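One structure below.
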Amino acid sequence: MQFHILTLFPEMVENGLKTSILGRAVDRGLIGVHAVNIRDYTADRHGRVDDYPYGGGAGMLMQAQPVYDAFCALQEQSAKKAPLQEQGAKKAPLRVIYLTPQGRVFDQKMAEELAKEEELVFLCGHYEGIDERVLEEIVTDQVSIGDYVLTGGELPAMVMIDAISRMVPGVLKNEESGETESFRGDLLEYPQYTRPEVWRDKAVPAVLLSGDHAKVEKWRLEQSIDRTRQRRPDLYERYDLPGRALDYLKQERLLHRDMIEDIRRRQAQVLAVLSDGVLLQDKRTGIYMVTARNRDAGERLLSMTDPDGAVFCCHQKFLMQSVADRFHKTRINECFQTVYTKKTPLPEEKTDICRIFPLGEGDLDLVCEHYHTLADRETLAGLLREGSIFAASVCEEGKAQIAGFIGTHAEGGMGLLEVFPPFRRRKIGQALVSFLINRTLEKGWTPYGQIFTDNEPSLKLQEKLGMRLCPGTLYWIS
Ligand code: SAM
């Protein structure tokens, strides 16, 4: 990988980068460090490269001309060095990084991304910076190394080149050492110890001497998590959000079954995990699912949502009230949540009084005619397209007739149950619910449903089939 540095102080960069691990990488031809002195390209007879800023103000500015000419010379050299097939075709433009406190802040992820390039140009400013016009002309990325102001871009360029070079295969002797360091997976590295075993009465943690590899790994992960939580709460916020959300939600499994399932079925974007609440958004429908232990946490979570046109599923009444007050939402549905907590499917005879089969898009009118509670025509069409709605048909006077249907809502709950009036009290509903429970179990998921609090027949049916009723209610608000 080739690094070019446009600078007024080439010796500073070259001396700094050609020592130790990077020096060895240069010697082995794994990276190249090429500093270009901008001053060599000035058109000024006295070798000046800076001037006063128009409009007044403190300090001097680097002029556009020497920077531009130095870059053009570099571009020409780079084109000549390109392999023959690239010289004929148009060579990809060089990626030029201007080091500036006004840029995107450099981090490990950016280092990994930049390490994929074959060639990078770093433009180092000095004094008060560089004439804006040349920046507009040649710069592709503006990068800062942190929220403070340095005297020049040389140290930031060296910092970036060091971090990027470590990602270049072969630069680190042991490829692994780059794998386990801080910032991989948003965790800081665990504490490390070397000989002697005891130093100033401080012993190395016993687990590291145990020879038990699995135990060592477990201890290291725990240390990393603890350290990150204490030292870098900002990083910890991002670490394993789904895992931490599940830890919280499982404290009340029945109440949170819909949220747990949304995560387990990989449909959830976990937006926040607090010590007293969780917010997630179902990726397919955009529905926000939120739970909190107190109003304060609830308010914090709700402030992270985009309420415009959004639907919320609140797991506490005070949350529903906050959504209504804050976002002026008025359509509220109160539901019981029921969960099939057993692992065993329901017996076949519960389903064999009718034939059950998936409905298709051609059945949209039939479904819309009978179901108008929660889903609109478009949503129902989507569910039919993916085979999520099932009909029960019975044989009447030698003719098969559809007697009702059931389905799985896009966010995962069982619902849409309708048994047409002439077929009621014939256990068709029972057959449909049993069928869907078994089908959900087959996928390795936990069946759950949400039932309007005034829908007693449905509630009774689900309880009869062994579904557990969650204490408390959920509130859908839109
Ligand atoms: N007047 C500029 C401003 O306020 O944005 C600051 C100029 S600074 C004194 C001089 C040069 O140092 C900049 O042009 C830039 O190349 C470099 N520099 C200073 N702080 C930096 C940082 N945090 N990250 C990257 N480059 C920095």
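Taking the simple approach of a point 7 Å from Cα along Cα-to-Cβ for both residue 326 and residue 104, what is their distance in nm?
2.9
Run the helix sum for the chain: -39,500 (n - 2.57) per DSSP H stretch of 4+ residues, divided by residue count, reported at 222 nm to the nearest 500 deg cm²/dmol.
Only helices count here, giving -10000 deg cm²/dmol.
Using a Cα-Cα cut-off of under 16 Å, which lysines could be cross-linked to residue 464, ignoring same-chain neighbours fewer than 8 residues away?
Straight-distance partners of residue 464: 342, 350, 427.
Percent relative contact order of the stretch 1-80, based on C-alpha pairs within less than 8 angstrom and at least six residues apart?
28
Simple spin-label model, 7 Å along Cα-to-Cβ: residue 137 to residue 334 in nm?
Inter-label distance under the simple model: 7.1 nm.
Compute the Cα gyration tensor for the stretch 241-328, then decide on rounded, prolate or oblate, letting a ≥ b ≥ c be the square roots of its eigenvalues: rounded whenever a/c is under 1.5, prolate when a/b is larger than b/c in the other cases, and oblate in all that remain.
oblate
Below 8 Å, C-alpha to C-alpha, sequence gap of six or more: please give me the relative contact order for the chain in percent. Could the numbers behind the result be given before it?
Values: 762 pairs, mean separation 55.2, N = 478.
Answer for the chain is 12 percent.
I want the antiparallel fraction of DSSP beta bridges within the chain, as a percent rounded to 5.
65
Any chance you could run the full-extension gain for residue 442 through residue 65? It's 0.36 nm times the residue separation minus the Cα-Cα distance, nm to one decimal.
Computed gain between residue 442 and residue 65 is 128.7 nm.
For the chain, give the magnitude of the charge dipole about the Cα centre (Cβ charges: +1 Lys/Arg, -1 Asp/Glu; no others), in debye to the nearest 20.
1840
Contour minus end-to-end for residue 247 and residue 231, with contour as 0.36 nm per residue of separation and end-to-end as the Cα-Cα distance?
Between residue 247 and residue 231, full extension yields 3.6 nm more.
Residue 181 to residue 240: FRET efficiency via 1/(1 + (r/R0)^6), r the Cβ-Cβ distance, R0 22 Å, to the nearest 0.05?
With a Förster radius of 22 Å, E is 0.80.
Calculate what fraction, in whole %, of the accessible area of the stretch 211-347 sits on carbon and sulfur atoms when a 1.4 Å probe is rolled over the protein chains.
Accessible surface attributable to carbon and sulfur in the stretch 211-347 totals 46 percent.
To one decimal place, what Kirkwood hydrodynamic radius in Å is obtained for the stretch 2-177 from all pairs of distinct Cα atoms?
Every distinct Cα pair counted, the radius reaches 17.0 Å.
Can you tell me the dipole magnitude for the stretch 241-328 around its Cα centre, using point charges on the Cβ only (Lys, Arg +1; Asp, Glu -1), in Debye to the nearest 20?
320
Residues of the chain: accessible area per residue at 1.4 Å, in Å²?
Solvent-accessible surface per residue comes out at 55 Å².
Quick check for me: using +1 on Lys/Arg Cβ and -1 on Asp/Glu Cβ, what's the dipole size of the stretch 419-478 about its Cα centre, in debye to the nearest 20? Walk me through the numbers before you get to the answer.
On the way: 9 positive and 4 negative charges, 63 e Å.
Value, rounded to 20: 300 debye.
Peptides 250-260, 146-156, 324-334, 191-201: what's the order by average Cβ count within 10 Å, highest mean first? Walk me through the intermediate numbers first.
Values: 250-260: 18.9, 146-156: 15.0, 324-334: 13.0, 191-201: 8.7.
Result, highest mean first: 250-260, 146-156, 324-334, 191-201.
Which whole number of Å³ per residue matches the convex hull of the alpha-carbon atoms in the chain?
It comes to 271 Å³ per residue, whole-number rounded.
Within the stretch 2-177, how many Lys pairs that are eight or more residues apart, or on different chains, come under 27 Å at the alpha-carbon?
For the stretch 2-177, the number of qualifying lysine pairs is 16.
How high is the FRET efficiency from residue 310 to residue 76, r the C-beta distance, R0 60 Å, rounded to 0.05?
After rounding to 0.05, the efficiency reads 0.65.
Determine, for each peptide in 315-322, 216-223, 423-430, the mean count of other beta carbons within 10 angstrom over its residues, then list the peptides with the highest first.
Values: 315-322: 19.9, 216-223: 14.4, 423-430: 17.0.
Result, highest mean first: 315-322, 423-430, 216-223.
What share of the DSSP beta bridges in the stretch 2-177 is antiparallel, in percent to the nearest 5? If you can, show how the numbers build up before the last one.
Details: 2 of 22 bridges.
Restricted to the stretch 2-177, the bridges split so that about 10 percent are antiparallel.
The values are calculated or read from the model by the stated rules, or taken from the named source; none is laboratory data. Values in this document were obtained by computation on a predicted structure and should not be read as measured data. Methodologically, a virtual Cβ is constructed for each residue, glycine included, from the backbone with ideal geometry; neighbour enumeration extends over all protein chains shown. Calculation scope for accessible area: heavy atoms of the full protein, side chains included, ligands and nucleic acids excluded. Shrake-Rupley method; radii C 1.70, N 1.55, O 1.52, S 1.80 Å.
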